1. What lysines does residue A:86 reach when the alpha-carbon gap must be under 17 Å and sequence neighbours fewer than 8 apart in one chain are set aside?
2. Looking at segment A:463-548, what % of the alpha carbon pairs are farther apart than 21 Å?
3. Assuming R0 = 30 Å, can you tell me the calculated FRET efficiency for the pair residue A:352 and residue A:463, based on Cβ-Cβ distance, to the nearest 0.05?
4. For chain A, take the longest principal axis of its alpha carbons; what is the angle in degrees between that and the long axis of helix A:120-133, to the nearest 10 within 0 to 90?
5. Please compute, over every Cα-Cα pair in segment A:304-375, the percentage with a separation greater than 15 angstrom.
6. DSSP beta bridges in chain A, what fraction antiparallel, as a percent rounded to 5?
7. Can you list which of the GluC sites (Glu not before Pro) found in segment A:221-312 are DSSP loop residues with at most 14 other C-beta atoms within 10 Å?
8. In Å, the Kirkwood hydrodynamic radius of segment A:273-316 over pairs of distinct alpha carbons?
Amino acid sequence: MSLLEIELPDGTKKEVESGSTSYDIAASIGEGLARQSIAARFNDELIDINRPLETSGTLSLITQKSPEALDIMRHSCAHLMAQAVKELYGDDVQVTIGPAIKDGFYYDFYSETKKFVPEDFPVIEAKMAELAKADLPVTREVIGREEAIALFRSMGEAYKVELIEDLDAETVSLYRQGDFVDLCRGPHVPRTGVHKAFKLTSLAGAYWRGDETKAMLQRVYATAFLNKKDLKAHLERLEEAKKRDHRKLGRELDLFSFSEEAGGGLVLWHPKGAMLRTIIEDFERKEHLKRGYEIVVGPQILKTDLWKMSGHYENYRENMYFTEVDELSYGIKPMNCLAHMLIYKSKPRSYRNLPVRFFELGTVHRHEKSGVLHGLLRVRGFTQDDAHIICRPDQIDSEVKGVMQFVQDVAGIFGFEYTMELSTRPEKSIGSDADWDQATNALRSSLEGSGQEYDINEGDGAFYGPKIDVKLKDALDREWQCATIQCDFTLPERFDLTYTGSDGEKHRPVMLHRVIVGSIERFIGVLIEHYAGSFPLWLSPVQAIVLNVTDNQAEYAQEVFEQLRSAGVRVELDVRNEKLGFKIREAQVGKIPYMLVIGDREVSEKTVSPRFRDGSSLDAMSVDSFVDFVKTQCSEYK
RNA sequence: GCCCACAUAGCUCAGUCGGUAGAGCGCAUCCUUGGUAAGGAUGAGGUCACCAGUUCAAAUCUGGUUGUGGGCUCCA
């Protein structure tokens with residue numbers, strides 16, 4: 001029996017016999033640590049706590065407090081769920097895969113006969129609890145590839161067989177708990193008793209291996225935490241998030257709706273929602289003009305031949321709407337770039353006048369698959385804050401930096417956290433290596449210059465160039481792409497865009513496609529959830545409401561209302577024959593920032609008494625002072 | 001587009017075994033004139049998403065369509 005030297009995170013070294021486990025080492029340090037440990041990291045590999053060690057190396061124990069613990073436990077909990085399902089429904093159900101994901105885990109099952117329904121959840125949960133209570137040991141074994149294939153084939157687990165057949169390895173690892181065995185890399189918790197707080201959450205369909213040509217599996221989503229308290233907190237968080245769902249708030253605040261008669265994914269903007277849009281659009285125009293953009297407007301439909309020339313017909317036709325008049329086919333625009341290029345081409349361009357930055361609040365229509373529509377966040381008709389910057393290659397860097405700064409400024413104004421991704425050259429792409437390098441480096445250096453952390457999506461760029469994507473989170477932590485910056489060498493080529501250089505020769509410009517908020521619709525959806533419907537004063541469709549205490553003040557209330565309205569304050573008037581408390585409540589539920597209360601006191605003193613929606617109030621002031629107050633706040637985007 | 005579920009009054013939802021519908025909020029009218037989150041009374045509102053089928057009889061059962069929700073694939 002040889003001795004191994006194991007180094008622990010604090011630098012101490014322990015000599016143990018070969019074949020000792022991490023658990024043994026933990027136990028030698030302290031009983032509590034051994035009890036708390038669910039796995040280990042050995043030479044940077046996550047392993048089971050009971051895995052015998054055969055070489056010297058560094059070891060750190062993963063306890064319930066370690067950041068990795070939750071994922072390992074959830075993955076194990078997926079096995080527990082699969083075990084419960086197999087025990088309940090036996091051979092009717094085949095297992096496939098079941099990983100840990102953000103906030104929980106899932107397991108995909110295949111069955112011809114068993115259709116999972118939510119009513120199964122308590123049954124499955126009860127079985128899981130029973131198996132957890134039995135505190136079954138979870139054991140790992142390594143067997144040969146062929147042996148494993150034979151094993152799973154004999155159990156009728158065709159998907160497991162397919163997985164192993166696609167593996168390169170000569171051996172595979174299996175995990176057993178009770179009668180349940182699963183192909184798995186691990187690591188797993190040592191005993192099923194670790195699982196104390198889990199809950200099945202939803203059912204969904206999912207394609208085998210994410211491929212829409214393959215079988216549809218039944219996915220059971222669940223969540224699990226290390227203790228019941230964390231689970232409860234998580235479920236409460238979900239409830240909170242539901243309250244700020246933009247679809248619910250959109251109806252409650254009377255901002256927008258959808259109509260079956262109009263068609264799915266087509267937004268009907270009500271007066272307050274349209275006001276909110278208008279405010280954002282005005283903001284966009286102002287901010288773009290400040291940064292050297294020129295506003296342009298293109299047509300809604302362009303001849304189909306033009307879409308053929310751009311490549312959209314070939315690559316994007318399924319998402320486009322077409323219309324035919326006088327035997328001429330037109331495509332309704334799904335993007336704004338074509339018109340912008342035609343505007344560029346309308347006259348000769350000199351290197352001296354580049355870059356040009358064409359900005360359009362461009363309304364586009366895309367026939368998104370019916371199943372993907374989602375409130376304002378995924379629609380079929382939407383307006384992009386779209387611009388195309390046509391520049392010389394040597395200007396890419398400074399232009400991208402300018403756009404990045406723009407994104408940062410806007411995110412700052414709205415108080416958004418966001419994540420960024422750089423997508424690089426895909427396998428299927430066009431353009432020279434030099435062009436790609438230049439463009440990718442420009443994007444990268446802008447990202448680094450911004451100080452933002454970013455992920456790299458290797459090979460996920462557009463076929464015509466690399467891109468930066470900016471994602472904002474919704475209330476349920478789902479990420480939505482908003483801003484994007486794309487470098488494009490192709491369309492200038494296809495449309496033969498040129499400029500005359502200092503050498504008098506024709507040169508090819510580069511085009512940057514970019515949006516800052518992406519689509520106004522999506523942005524508003526995320527905004528509603530971000531602010532939970534309580535918009536800052538400058539964005540609020542209704543900034544103030546005038547409330548009289550009794551009919552006696554109705555006339556003065558009307559005067560105040562008209563004065564505010566003509567001063568440009570977005571104001572409403574409520575002189576209904578209702579109690580003040582009732583009107584306050586309604587205004588508060590409507591999330592109107594300021595309620596201007598008018599009683600006999602205000603009438604005699606010619607003032608208003610503003611009450612903020614959080615319940616606090618300002619001293620009575622003149623109408624003019626209130627107007628000034630609103631203007632000042634708005635100019636500071638508050 | 002695919003899988004599963006759902007669709008009853010403006011909103012949130014009841015409606016048992018198949019016998020053509022209810023509540024609360026909202027809305028209208030009247031009473032009440034009340035100072036910072038819900039005063040009271042009365043009343044009006046529904047081809048039970050749509051189209052077929054089964055049945056003496058369908059909100060209820062079956063099929064299809066449209067839309068919605070949770071996912072998958074795809075995307076701003």
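1. Reachable lysines: A:114, A:115, A:127, A:160.
2. Details: 2029 of 3655 pairs.
Cα-Cα pairs of segment A:463-548 separated by over 21 Å account for 56 percent.
3. Numbers: r = 32 Å, r/R0 = 1.06.
E between residue A:352 and residue A:463, to the nearest 0.05, is 0.40.
4. Compared with the principal axis, the helix lies near 40 degrees.
5. Working: 1639 of 2556 pairs.
Counting every Cα pair in segment A:304-375, those more than 15 Å apart make up 64 percent.
6. Numbers: 101 of 119 bridges.
Given both bridge residues lie in chain A, the antiparallel proportion sits at roughly 85 percent.
7. On the way: sites: A:236, A:239, A:240, A:252, A:260, A:261, A:281, A:284, A:287, A:294; in loops: A:260, A:261.
Answer in residue order: A:260, A:261.
8. On the way: mean 1/r = 0.0758 Å⁻¹.
Over segment A:273-316, the inverse of the mean reciprocal pair distance is 13.2 Å.
The values are calculated or read from the model by the stated rules, or taken from the named source; none is laboratory data. Computed from a predicted structure; not experimentally measured. All Cβ positions, even for glycine, are placed from backbone atoms using ideal geometry, and neighbour counts span all protein chains on display. The protein model used for the area step is the full one, side chains on, heavy atoms only, and it has no ligands, DNA or RNA in it. Shrake-Rupley method; radii C 1.70, N 1.55, O 1.52, S 1.80 Å.
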